Amino acid sequence: DHVCPDYIKLQVFNLEELIPPFLVNNHPLQRIAFDHGQWLSIIEFANKLSIPIIYEPFDNSSLSLVLKASNTKKIKIPTSDICDEQLIRTTLSEDRLDTIYFGSGGATLPELNYINNLTKDSSASRFLVHGFQGYPTKLCDVDLLRMQFLADYYNLNMGYADHTAGEEYSHTLSLCFA
């Protein structure tokens, strides 16, 4: 058997927009950063193979790149950007998007209220994506009660993402959502 994911998520960022200029050359993200041309090649490859991708742009230039170069219908706004009005409004202006995911794991209620109010009239489906991004994620850090509270409070579908290690956690989470 082989694994066939429903989607692959790519976190797209422009290092110069994320990190102060005096820190860029020695920053740990430098090791995993792709330049504009490399991202174009990755997006073109994904388009050719019809790989279903959810793009998660961390800045406005990355969002622009993704929207121009890809045929994506799904965007995830990271928790760190749920109050970036320009990024959100640009995302909302794209009629082709059928789903917008919002990171909620580290967000406060005022931040989530802001994004909920800003996007409530969107024609795209909206999902909250809860997660704890420490590696490896310990089950005690997942906070399943907060997930249920947010799903009920905002009347939105809820997704889950983390950095768990091994099958033990996925089986436990499956039982929790059964």
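When peptides 99-112, 142-155 are sorted by average Cβ neighbour count within 10 Å, with the highest value leading, the order is 99-112, 142-155. Working note: Karplus 6.51/-1.76/1.60 with θ = phi - 60° gives the range 144-156 the couplings 4, 5, 5, 4, 5, 4, 5, 4, 6, 4, 9, 6, 10 Hz, where Gly and Pro are set to x. Listed by chain and number, the lysines whose C-alpha is less than 26 Å from the C-alpha of residue 48, apart from same-chain residues fewer than 8 away, are 9, 68, 73, 74, 76. Here the simple spin-label model places points 7 Å from the Cα toward Cβ, and for residue 126 and residue 16 these points are separated by 3.4 nm. Under 5 Å between amide hydrogens, built in the peptide plane, is the criterion, and for residue 102 it picks out 77, 127, 128, 129 among residues at least 5 positions away or on other chains. Net length available on complete extension from residue 40 to residue 94 is 17.5 nm, with 0.36 nm assigned per residue and the Cα-Cα distance removed.
Each reported figure results from applying straightforward, stated rules to the coordinates on display, with no laboratory input. This one's a predicted model, so the numbers in the text were calculated from it and none came from an experiment. Glycine also receives a Cβ, built like all others from the backbone with ideal geometry; neighbour counts cover every protein chain displayed.
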